[in-house]
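The values are calculated or read from the model by the stated rules, or taken from the named source; none is laboratory data. Bear in mind the structure is a predicted one, so any value in this text is a computation, not a measurement. Here the Cβ is made from the backbone with ideal geometry for all residues, glycine too, and neighbour counts use every protein chain on show. Each accessible area value is taken on the protein alone, full model and side chains, heavy atoms only, with ligands, DNA and RNA left out. Shrake-Rupley method; radii C 1.70, N 1.55, O 1.52, S 1.80 Å.
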Amino acid sequence: MTMMDYAILLGFALVILGVTLAAARLVIGPTLADRIVALDMMTVQLVAFGGLAALQSRSAAFLDVAVVLALVGFLATVCLARYLERRILLKSEELK
């Protein structure tokens, strides 16, 4: 194995650790904002996983999957942030 193979394996291990920690934050919470950030972090980690898979297999097909996942993750984060913003605005109007 070359040094690049070891670096890719280390990258996989760190990405899996990151996804695990983000999943724990997703479950624990405690607020909706924490859960949204954890979900976004998991998406970024999975995009990194796709990039590492493309490096390991020397195939660009995984990069296509990573780009699509990044776009879907971005749109999901924007939608969830808008939902959270509306929810906060509605609560502030109820308090008036």
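Descriptive notes on the structure:
- Scanning region 75-85 for residues that are open to solvent by 90 Å² or more (accessible area, probe 1.4 Å), modelled with pLDDT of 90 or more and either of a type in the set (D, E, K, R) or touching a helix residue (DSSP H, G or I) at 6+ places or on another chain (Cβ under 8 Å) (or both) yields a total of 1.
- Filter result for the condition that a residue is assigned to a helix (DSSP H, G or I), among the β-branched types (Val, Ile, Thr) and over 16 Å from the mean Cα position of the chain (by Cα), over Ile36, Ile88: Ile88
- From the list Gly18, Gly29, Gly50, the one residue that fits, being of a type in the set (Gly, Ala, Ser) and loosely packed, with under 13 Cβ neighbours inside 10 Å, is Gly29.
- Answer residue from region 86-96, given it is charged (D, E, K, R) and over 14 Å from Leu32 (Cβ atoms) and is least open to solvent (accessible area, probe 1.4 Å) among those: Glu93
- Per the conditions (1) touching a residue at least 24 places away in the same chain (Cβ under 8 Å); (2) open to solvent by 50 Å² or more (accessible area, probe 1.4 Å); (3) closer than 26 Å to Arg87 by Cβ, the sole criterion not satisfied by Gln56 is (3).
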